[in-house]
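Quick notes on the structure that follows.
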Amino acid sequence: MGNSKIIFLLLFAAVWLVWPAGPDSSGEKAPAEKQFSAAGQTLIDFGLIGHGSQAGFVVDKVKEKSLAEKAGFKPGDTISLIDTEPVNGPDALLNGLKKHRETVRTSSIMVTGPDGVREIAWPPFQEDTGEETGLKEAALNHALGTRALAEQDYGRAAGFLQSSIMASINYRDRALVFQELVECYLAVIKEIGERETKTYTLPLVSSLNLEQVRQRLAYLQQTAEMVRRYQEIVRIYLRHVELEKMRAGAPQTHCELQEKTEELRQELKRLVSAYEESFRPYQSALLARIDLLDFPRWLKGEIEVVWELFDRKSGVRRSATYLLEQTTISTRARMRETSQPILEVRFAPVATVVLTNSSRQYPFSGKVEVQYRDSTGSLRGQVSQEVSLASGEKKELLIESPKRFQGSEVVGTNVFRDNLSVEQLTQNLRKWQAELFLNGKSYGRVTIRF
């Protein structure tokens, strides 16, 4: 009996020692119960089980009757792109698979499997109705695009047809959509090329002013932006055509579509070539023309204007001593002429204009004009003359006005006529101003001084 107990205890100890440890026996968990990340758990819910690699996400297993199985995923597939975005792990794949919830269109997933490269539409069905995703939107946009194409509204037609292509890759008339879209692109690019070639072969006439040249330059910049935009549009279109060829189960591309696509390539090449050969030189000519017409950037103009005094009767130029005389009795200046001497004289403005051409490339030729305005701002006279400056030249001009204004127009009426000083005369001068213009461009105003 004692031996039996000993044998039983020895067997129990042996069994206990070799019995596998339970989940709570150590800090480590069994491989079958290994925790997944949130992204990995969600991928399992979609039906995908796999791991990340340098080439993308490798599918190890696809659950039966799952959304992934309905879409066409198979074990051994490597998911590399979702809508041209690279897949470098479970998180990137999950973000791509969930993108369809934000839009009405399907996502395009590029998969490399044992049978080669193929494209999968995700999700294969709308989660709420069970209908294939994006088919209604693809058909509606196709119909609208076809109608706009018939009306030759190529911009709207291209927009609708692009939306149809993006809505679903399983739309039955997808090949026809591609064919209509390439017709739109061809028509638009040909129209741009013909219109812009005619526009920018026109000579730059010298009668164009600065604003007109700037308008042409702005239009040319719009053309440049349009060319760049259609380069990108065609690049994306050609990428979709290549994806269409690789897509699993896709119908063979029609010969007519291939011809139209090649024609589109050549037409875009001609447009870009015309832009480089014609539009760019025209743009350079416009910029040079703007630089020439925008002369205030390199032509400096300064003006100083003084009142000159003339005898009313004889017209002879006079000085201040004509009105004033220093006496030995007082230091104050006294009147020598009539009781109303200011009314007996005339004032005429004389402008000194200094022009400096700081440009080393452009000469200046044009009209210098000086306008005179009284204290109320009213235009009272103007005088002009032609001038020309070579590059780097500086010139001083003396511009006299033939028009003369009577004393009461220039000097205030509250003058002490019986006891007039030079200071009182200058204090009672009305604030007339002179404004300098060069070829119609204002260079500012100055006050006429005595």
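Some notes on this structure:
- Given K313/K367; K65/K136; K98/K260; K313/K441; K136/K269; K98/K190, the pairs whose alpha carbons are separated by over 28 Å: K313/K367; K98/K260; K313/K441; K136/K269; K98/K190
- With θ taken as phi - 60° and the Karplus curve 6.51 cos²θ - 1.76 cosθ + 1.60 applied, the whole-hertz 3J(HN,Hα) list for segment 111-117 is 10, 10, x, x, 8, x, 8 Hz, x standing for glycine and proline.
- A Förster radius of 22 Å combined with the Cβ-Cβ distance from R270 to R214 puts the calculated FRET efficiency at roughly 0.15.
- At full extension, R430 and Q258 could sit 53.6 nm farther apart than now, given 0.36 nm per residue minus the alpha carbon distance.
- Modelled spin labels at E232 and E277, positioned 7 Å past Cα toward Cβ, are 2.7 nm from each other.
- R0 of 51 Å, Cβ-Cβ distance L140-A224: FRET efficiency to nearest 0.05: 0.90
- Nitroxide proxy distance, nm - points 7 Å out along Cα→Cβ at V316 and L176: 10.3
No lab work stands behind these numbers, since they all come straight from the coordinates. None of the values given here were measured: they were computed from a predicted structure. All Cβ positions, even for glycine, are placed from backbone atoms using ideal geometry, and neighbour counts span all protein chains on display.
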